[in-house]
Every structure is written in C-alpha cells, then in structure tokens.
Amino acid sequence: HSKDEVIVRENTQTIYVEAETEEQVRRYLKERNYNIEFITKLEGAHLEYEEKSDHFNVERAE
C-alpha cells in the first residue's frame, strides 16, 4: 500500500473459503485486490461458533 493509504482494522472483513490447502485459497483470491493478512483453518468449536453468525457465507475454491 502507499504511504497515503491507511489500513483501518475496523474496515477489515472475513472471507470464508472451502478448500483443501492454503495455496488453493490464495490462488482462488489472487485476482481480487485484497490485502490478505492471514489465512487460518477453521475447525471444531471455532467453526461451530462462526457458523452461527448471520454473516457466515462459504465460498468454494475450485
């Protein structure tokens, strides 16, 4: 990002992507102009918690 651009945490968003590997997720999102902070696998209680959110929508990486 440029020095004139300020990243504001309150403006960040979460994207849920179903894929086999982190590399597959990165390839899937490559064409989008996103600053990806990190990719993490959701499973167990964390996944169950996120699934309860109204904003939980899974994209499938092909």
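Out of segment 16-41, which residues are of a type in the set (S, T, Y) and exposed (fewer than 14 other Cβ atoms within 10 Å of the Cβ)? Step through it out loud before you land on a result.
Step one: list which residues in segment 16-41 are of a type in the set (S, T, Y), which gives 16, 21, 28, 34, 40.
Listed by number, the residues that qualify are T21, Y34, T40.
Go through segment 1-32 residue by residue and tally those that are of a type in the set (S, T, N, Q) and either in contact with a strand residue (DSSP E or B) (Cβ under 8 Å, 6 or more places away or on another chain) or at pLDDT 85 or above (or both). It would help to see each step written out before you state the result.
In the first step, residues of segment 1-32 are kept if they are of a type in the set (S, T, N, Q); the result is 2, 11-14, 21, 24.
Imposing the further condition that a residue be either in contact with a strand residue (DSSP E or B) (Cβ under 8 Å, 6 or more places away or on another chain) or at pLDDT 85 or above (or both) reduces the set to 14, 21, 24.
Of the residues in segment 1-32, 3 are of a type in the set (S, T, N, Q) and either in contact with a strand residue (DSSP E or B) (Cβ under 8 Å, 6 or more places away or on another chain) or at pLDDT 85 or above (or both).
List every residue pair whose Cβ atoms sit under 6 Å apart, with the two residues 6 or more apart in sequence or on different chains, where the first one lies in segment 12-39 and is free of Cβ contacts under 8 Å to residues at least 60 places away in the same chain and the second, anywhere, is of a type in the set (G, A, S) and surrounded by 11 or more Cβ atoms within 10 Å (Cβ to Cβ).
Once the first residue is free of Cβ contacts under 8 Å to residues at least 60 places away in the same chain and sits in segment 12-39, its partners that are of a type in the set (G, A, S) and surrounded by 11 or more Cβ atoms within 10 Å (Cβ to Cβ) give V17/A61; A19/A61; Q24/A61; V25/A19; V25/A61; Y28/A61.
The values are calculated or read from the model by the stated rules, or taken from the named source; none is laboratory data. Small disclaimer: the values here were computed from a predicted structure and weren't measured. Neighbour counts run over all protein chains shown; Cβ positions are idealised from the backbone, glycine included.
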